[in-house]
Amino acid sequence: MNTETINNIKMIAETAKEFAEKNIRPNIMEWDESQTFPKELFHQLGDMGFMGIVIPEEYGGSGLGYHEYVAILDEISQVDPSIGLSVAAHNSLCTNHIYEFGNEEQRNKWLPQLATGKVIGAWGLTEHNTGSDSGGMSTTAVKDGDEWIINGAKNFITHAISGDIAVVMTRTGEIGAKNNSTAFVLEKGMAGFTSGKKENKLGMRASETAELIFDNVRVSDANRLGEVGEGFKQAMKILDGGRISIAALSLGTARGAYKAALKYAKERKQFGKSISEFQAINFMLADMATEIDAAELLIQRASTLKNAKQKMTKEGAMAKLYASEACVRISNNAVQIFGGYGYTKDFPAEKYYRDSKLCTIGEGTSEIQRMVIGRDITK
């Protein structure tokens, strides 16, 4: 990257940081305790250009690249990872799926509202009985003239209740058959399309997670994304970019935990000196700083490939795997550095700790990332 690009990224990151400090930080624990999804905040994020970051300007987006996208997610997640998660899900899943696989009519119909944050997007792949084994989904779409009838349910869906538009993967062939999945765009208000149980989660509590339910939902063939049978392949390509999103979320969460622990370690005095001067704490902080830098470099490599439209399945999986696992280790060590105070809600360490674990699960578990990497390096 040249100097101008680096300076632009820094300026965008600073804008995101200022927004987060002003509009998010004062509300962190209130939203967390009450599991409030602050929908109005996301309309404001849309006004900032943060809800269609990589979407071209012609569709209402900001037209930025993945380095800028990572910088924005990093800054927001340092303040509140749950808000970072929702920004990531809206951008990289629902909105990006329509951009990548929609035709011009579909892009012009849905992207301007999504990319400006006027409406909130959801993305449905996971089901109750098909988590990592998403090819065996039970949600079906059956052709009926110029329409499709969709039945089933999706589970653990971000923005399932508050979302206005959802991209949903359905099974249009037999279980186990090749090319048996098709993607559709559904809009709230369609008969039979509702949301179900909201999950009471360990962390990321201001990011809404719930069921999507389809009871004989009739949807026009015009709402089909791409060809019949392409849905699963589309989803896997979307998750390639989604891994950068969760890696960036992990990076911000880890950096937030590290900064809080470093500040506390410098201020906390025992035996006449700051605890940061004790080798045990000093080495812990050194490991945290090193892992953050390593994660960032892996993410930047994947982002560079993504910007160049080059294959980055392995590199994205590596970034997601390492950053998310490091995030859990770093947030755990942050609690340890805070000691007893780290176990209370009066200090920030416990929330980073609770939020961090989602990063090793969402958009492909660590085990799935290892499968992806392993297949690539041994093929």
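The values are calculated or read from the model by the stated rules, or taken from the named source; none is laboratory data. Since we're looking at a predicted model, the values are computed, not measured. Every residue, glycine as well, gets a Cβ built from its backbone with ideal geometry; the counts of neighbours run over all protein chains shown. Ligands, DNA and RNA are stripped out before the accessible areas are found, and what is left, the full protein with its side chains, is counted by its heavy atoms. Shrake-Rupley method; radii C 1.70, N 1.55, O 1.52, S 1.80 Å.
Working from Cα positions, state the angle (0 to 90°, nearest 10) between the long axis of helix 231-267 and the longest principal axis of the chain. So the helix axis and the longest Cα principal axis differ by about 20 degrees. Using the Cβ-Cβ distance between Lys379 and Lys143 with R0 = 41 Å, the FRET efficiency computed as 1/(1 + (r/R0)^6) comes to roughly 0.70.
Cα centroids of the stretch 255-280 and the stretch 135-173: 50 Å apart.
Of the solvent-accessible surface of the stretch 230-376, computed with a 1.4 Å probe and all protein chains present, 58% belongs to carbon and sulfur.
What is the distance in Å between the Cα centroid of the stretch 12-77 and that of the stretch 95-133? First find each Cα centre; the distance between them is then 18 Å.
Cross-link partners of Lys178 among aspartates and glutamates, defined as those whose alpha carbon lies under 15 angstrom from its own and excluding same-chain residues fewer than eight positions apart: Asp133, Glu227, Glu230. Taking the alpha carbon gyration tensor of the stretch 1-123, multiplying each eigenvalue by 5 and rooting it gives semi-axes of 23, 20, 11 Å, largest first. Among the listed pairs Lys233/Lys314; Lys259/Lys357; Lys201/Lys266; Lys237/Lys379, those with a Cα-Cα distance over 23 Å are Lys201/Lys266. A 1.4 Å probe run over the chain, with the rest of the protein chains in place, finds 43 Å² accessible per residue. Net length available on complete extension from Ala222 to Asn200 is 4.3 nm, with 0.36 nm assigned per residue and the Cα-Cα distance removed. Between the entries [x] 0.99; [y] 1.32; [z] 1.10, the label attached to Cα Rg over 2.2 N^0.38 Å calculated for this structure is [x]. Which aspartates and glutamates, if any, have their Cα less than 13 Å from the Cα of Lys118, not counting same-chain residues under 8 positions apart? The qualifying aspartates and glutamates are Glu40, Asp47, Asp164.
With 0.36 nm allotted per residue and the present C-alpha distance subtracted, the Glu58-Gln336 stretch has 95.2 nm of extension available. Think of the chain as having a plus end and a minus end, set by charges on the Cβ of Lys, Arg, Asp and Glu; of Gly46, Leu73, Phe193, Leu73 sits farthest toward the positive end of this dipole.
Pulled fully out, how much extra length does the chain show between Glu174 and Asn151, if you take 0.36 nm times their separation in residues and subtract their Cα-Cα distance?
Details: separation 23, 0.36 × 23 = 8.28 nm, distance 1.48 nm.
Extra length available between Glu174 and Asn151 comes to 6.8 nm.
Just checking the listed ones, Leu262, Leu251, Leu212: in the Gaussian network model of the chain with Cα springs under 10 Å, the one fluctuating most is Leu262. Using 1/(1 + (r/R0)^6) with R0 = 22 angstrom and r between the beta carbons of Glu267 and Asp287, what's the FRET efficiency to the nearest 0.05? After rounding to 0.05, the efficiency reads 0.60. Tell me whether the stretch 153-289 comes out rounded, prolate or oblate; compute the Cα gyration tensor, take square roots of the eigenvalues as a ≥ b ≥ c, and use a/c under 1.5 as the rounded threshold. Cα axes put the stretch 153-289 in the prolate bin. For the stretch 19-169, what % of the accessible area comes from carbon and sulfur atoms, probe 1.4 Å? The C+S portion of the solvent-accessible surface of the stretch 19-169 is 45 percent. Cross-link partners for Lys306 among the aspartates and glutamates, with Cα-Cα distance under 18 Å and sequence neighbours closer than 8 places in the same chain left out: Glu68, Asp74, Glu100, Asp240, Glu296, Glu315, Glu363, Asp376.
Picking from Ala286, Ala141, Ala294, which is most flexible by a Gaussian network model of the chain using Cα springs under 10 Å? Of Ala286, Ala141, Ala294, the Gaussian network model singles out Ala286 as fluctuating most. The magnitude of the dipole of the chain, with charges of +1 and -1 set on the Cβ of Lys/Arg and Asp/Glu and taken from the Cα centre, is near 900 debye. Angle between the Cα long axis of helix 366-378 and the longest principal axis of the chain, 0 to 90 degrees, nearest 10? The two axes meet at around 80 degrees.
The mean of 1/r over all distinct Cα pairs in the stretch 209-281, once inverted, gives the Kirkwood hydrodynamic radius of 17.5 Å.
Using only the alpha-carbon atoms, how far is helix 279-307 inclined from the longest principal axis of the chain? Give it as 0 to 90 degrees, nearest 10. Between helix and principal axis, roughly 30 degrees.
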